[in-house]
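Undergrad: Here's a structure for you.
Just so it is clear, none of the values below were taken in a lab; they were calculated from the coordinates. Nothing here was measured: the structure is a model prediction, and the numbers come from that model. All Cβ positions, even for glycine, are placed from backbone atoms using ideal geometry, and neighbour counts span all protein chains on display.
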Amino acid sequence: MRYMLCLVATYALGACGARTDLLASDSGAAGSGGLGATAGSAGAGASGGFGGEAGSGGSAGLGGDAGYGGDAGFGGTGAFAGMSGAGGLVQCGLFEQREVRRFEGPPQEHEALPQLVEAVPGIVTLGFRRQQFEGPADFYHLGHVSFDAWGTWNGSELGLAWGAVTGAGESFALGSVRGGRFGFLAHSVFADGELLLIRGAPNQQQSQVVELQPERARPIFIESQGAAHTLLGFQNPGEQALTIQRRGANPLVIDDRLGCGLGDLAADALPLGNSYLIAAASDQAPFCPTDGPPGDPRTIQIYLLGPNGTIRHTTEINAEGVVREIALVPWKDGAWVVWRSEGGPGAFGTTYATRLHPDGELNTLWNRVLESPYRFRSHAATNLGERLAIAYLDNSDPSTPNLIVAAFDEPDTTPAVATSVSFDSNYWPTGPISILGSPNGDALLVSWEAQNVTNGEPARVFTTRLDCVP
């Protein structure tokens, strides 16, 4: 749609996000994929939707179905910076929760699908979807608020929320883009349904918008590698593969299709050095078969995208069920890969994890890390220093939602530290969730979508910080 409006500060209209040739090398044919922002580069964290598809607004299931809070549950990651501090490691024996905070925004709007990214060191941006409380059900716009995440944490407000683009945000991915900015990869809700690349800077009202050619494409991830280039992941309508595009400062576009499977495919990407690791849900073949349609995505295919644009298939993981969500999380010597499968042995909705070497080969055997006879309603994953941190909603008791954060030293079912997050009793978490680790490995940010259970007011997004205590 060529006439999108740009929203700025709360309650006010401002200058429109420019469609500009400043991003000339980023314009042209591009695709997108499902909801799932990933890790930032060189200390820039990111978090978002674990490769799943964003849920839609509404009561009892705002942000997804009533059981999951959307298939956008698994959040992306933060950049690995080790666990530093006096004497070496940060000792994290317990989590101490700080105040629950939210941003200043219009009171009569639903807030949904929170995603966190640290595109500028020390400054975290929370991106979310807005929807009029009593307006058209399919009319959305994006918002964002940036704040000092790792310094003093006081008060109940994060700051003033800014608007991005109206008519965008039915599904989106948030990540870092080259040039020290954050970026939305968003699906437009207008008739022509463009895929939009929206670049913004913390606490600035203007954004740069590029229309990408695939229409009705489903955004999956957006990631950058410093100033070199930005990697986009998406699924084109009618296609059964993940499409990736790498867009650089020079006019370079790499367009490849990875994995193959029925339905909405999960995927994630992580920059390592001058390469990217990519994990994609797929049928048994790493690429689409030529002798017939693919089956359900029951494997995870690992690829390494090199600096010269070549893609190498490195590993296949049997996922023990149909893969619904994937996240790649930085580790000191490679990456964690975390996924949720359904239909395999044991409890359904089981979450698994393993580690990868920097070249994409397996470092450890995979194992279950979360399993329950009840369906977890949402997940998010990040790193806490060398540890894997997972936030999830446990609805084993439907009358009392439980938002849990657990950190693991190894891919097994015994967390090194865990806590239940406190929240406003009037607003119950429904998911999705986003989680982001600090560069020093001593704190976690957690954002979640919540429904008002007392008077039917609009859904809200809340954020808190968990600090490590020896």
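Undergrad: What is the sum of charges, Lys and Arg at +1 and Asp and Glu at -1, for the other residues whose Cβ falls under 9 Å from the Cβ of Arg130?
TA: It works out to a net charge of -1.
Undergrad: Once R0 is set to 30 Å, what does the formula 1/(1 + (r/R0)^6) return for the Cβ-Cβ distance between Glu410 and Leu262, expressed as a FRET efficiency to the nearest 0.05?
TA: According to the calculation, E is roughly 0.35.
Undergrad: If you don't mind, another one. Suppose R0 equals 22 Å. What FRET efficiency, 1/(1 + (r/R0)^6) with r the Cβ-Cβ distance, do Val453 and Gln132 give to the nearest 0.05?
TA: E(calc), rounded to 0.05, equals 0.55.
Undergrad: Kirkwood Rh, Cα Rg: Rg to Rh for segment 139-204?
TA: 1.04
Undergrad: Can you tell me which of 236-242, 380-386 comes out highest on packing, and rank the rest after it, using the mean Cβ neighbours within 10 Å?
TA: Those peptides, ordered most packed to least, come out 380-386, 236-242.
Undergrad: Kindly state, to the nearest 0.05, the FRET efficiency for Glu99 paired with Asn367, given R0 = 45 Å and r defined as their beta-carbon distance.
TA: 0.80
Undergrad: Further question on the same structure: At q = 0.10, 0.12 Å⁻¹, what is the log10 ratio I(q)/I(0) for segment 319-470, with the Debye formula run over Cα points and no solvent?
TA: Here the Debye-derived log intensity ratios amount to -0.35, -0.51.
Undergrad: Can you give the extra length, in nm with one decimal, that the chain gains between Thr152 and Asp397 once fully stretched, where that is 0.36 nm per residue apart less the Cα-Cα distance?
TA: 84.7 nm
Undergrad: By average Cβ neighbour count within 10 Å, what is the ranking of 357-369, 440-452 from highest down?
TA: 440-452, 357-369
Undergrad: Still on this structure: Points 7 angstrom from Cα along the Cβ direction at Asn203 and Asn440: gap in nanometres?
TA: Going by the 7 Å Cα→Cβ label model, 2.1 nm.
Undergrad: Which value in Å does the Kirkwood hydrodynamic radius of segment 101-158 take, with 1/r averaged over all unlike C-alpha pairs and then inverted?
TA: 12.5
Undergrad: Express the Stokes-Einstein translational diffusion coefficient of segment 216-325 in µm² s⁻¹, to the nearest whole number, given a Kirkwood radius over alpha-carbon pairs, 10 °C and a viscosity of 1.306 mPa s.
TA: Answer, rounded: 114 µm²/s.
Undergrad: Provide the net charge surrounding Asn426, with neighbours chosen by a C-beta distance below 12 Å and charges set as Lys +1, Arg +1, Asp -1, Glu -1.
TA: -1
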